[in-house]
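Okay, so here's the structure we're looking at.
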Amino acid sequence: SFGPGQGGLSISNDRITFGGVFGPTRPDAKFLPGDAFFLAFDIDGLRADPQGRVEYSMGMLITDAQGKVIFEDKPSDRKALLPLGASKLPAYGNLLIGLDLLGSYTCKMTITDKATNVGKTLERKFDVGPPTFGIACFHTTHDANAEEPAPMMGMAGQTLYMHFVTVGFTRNMSTKQPHNAIEMRVYDAAGKPTTEQPLIYEVKKDVKEDVNAIEWHIPLPLNRVGNYRVELNAQDKLANKDYKITFAVSVYPSAK
């Protein structure tokens, strides 16, 4: 829903994404505890100076079903350069969902054009389900340190890095260690697996007892042009549970 605005300021293309700020629209607004919420949108109509510079403020408020504030990022002043034209500025808000959250929540974004003092608001609701085994906080980046967000596409020769955690896993009663595995399979545009066997990654030792989310950082080299479907199947070997996610990846030829 959009709050009242005046002048040319507006918000468009709002969507809750899967896989970080550049990810596709999420199929639903349901999350696991320990997950990451991303709300992406475009700010339209900011008044720019003759060189394409804009100034605006943005804030985010998260409330529960009773209206209680669980997170607030108060509006702060920001600047941006829009050299390709000042009609549109991509933006987003994000929240790392606590492991103790459960229920329905509302995210409210507030944007104000500093040049005109015109404001707009955007609200989206999302739900956090009960704790269970699964993949959370999935996002892709250009680098292994997860500092440069990347869309799920690239040019042949690049590498995407997939970052996520497994949550809600079981521990061995005697060793206190979990046993989680990730199977990765890639399928081509015809639905055929690109390798004879899946790649398998495992964690079953050296996990501290106070750790409740196991981190995974898996490279995905883009060695061939085409459209692909990547499937990650997380397995809790001790509880005989699994959790699967799939997403599309496009690889383009290098420019001539």
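The values are calculated or read from the model by the stated rules, or taken from the named source; none is laboratory data. Please read all numbers here as calculations on a predicted model, not as lab measurements. Glycine also receives a Cβ, built like all others from the backbone with ideal geometry; neighbour counts cover every protein chain displayed. When the accessible area is computed, the model is the full protein with side chains, heavy atoms only, and any ligands, DNA or RNA have been set aside. Shrake-Rupley method; radii C 1.70, N 1.55, O 1.52, S 1.80 Å.
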- Item | Count of residues meeting criterion [charged (D, E, K, R) and either open to solvent by less than 90 Å² (accessible area, probe 1.4 Å) or at positive phi (or both)] in the range 230-256 | 2
- Item | Selected residue (only one of I182, I245, I214 is of a type in the set (V, I, T), out of contact with any helix residue (DSSP H, G or I) (no Cβ under 8 Å at 6 or more places or on another chain) and more than 21 Å from G23 (Cβ to Cβ)) | I214
- Restricting the search to the range 30-43, which residues are crowded, with 16+ Cβ neighbours inside 10 Å and under 22 Å from G134 (Cβ atoms)? F31, L32, P33, G34, D35, A36, F37, F38, L39
- Message: Of all residues being open to solvent by less than 70 Å² (accessible area, probe 1.4 Å) and more than 30 Å from R229 (Cβ to Cβ) in the range 165-218, which is nearest to the chain's Cα centre (by Cα)? Just the residue, please.
- Response: V211
- Item | Cross-chain or 6+ apart pairs with Cβ under 6 Å, the range 57-72 first and farther than 15 Å from F38 by Cα, then of a type in the set (D, E) and surrounded by fewer than 16 Cβ atoms within 10 Å (Cβ to Cβ) | S57/D77; I70/D64
- Considering only the range 149-185, state which residues are without any contact (Cβ under 8 Å) to a residue 60 or more places away in the chain and β-branched (V, I, T). T175, I182
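For the range 61-162, please list each of the strands (runs of 3 or more DSSP E) lying entirely inside it that holds at least 2 residues being under 18 Å from F22 (Cα atoms), open to solvent by less than 60 Å² (accessible area, probe 1.4 Å) and hydroxyl-bearing (S, T, Y). Give the derivation first.
Working: elements: 69-81, 88-96, 103-113, 118-128, 134-141, 153-155.
Those strands (runs of 3 or more DSSP E) span 134-141.
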- Query: Can you name the number of the only condition in (1) crowded, with 16+ Cβ neighbours inside 10 Å; (2) assigned to a strand (DSSP E or B) that L46 fails?
  - Reply: (2)
- Test result for Q51, open to solvent by 60 Å² or more (accessible area, probe 1.4 Å), over 30 Å from V167 (Cβ atoms) and outside any strand (DSSP E or B): yes
- Working carefully through the options K30, K68, find the one that is farther than 30 Å from G154 by Cα and of a type in the set (K, R). K68
- Could you please find all residues in the range 231-248 being free of Cβ contacts under 8 Å to residues at least 60 places away in the same chain and under 18 Å from T195 (Cβ atoms)? E231, N233, K244, T246
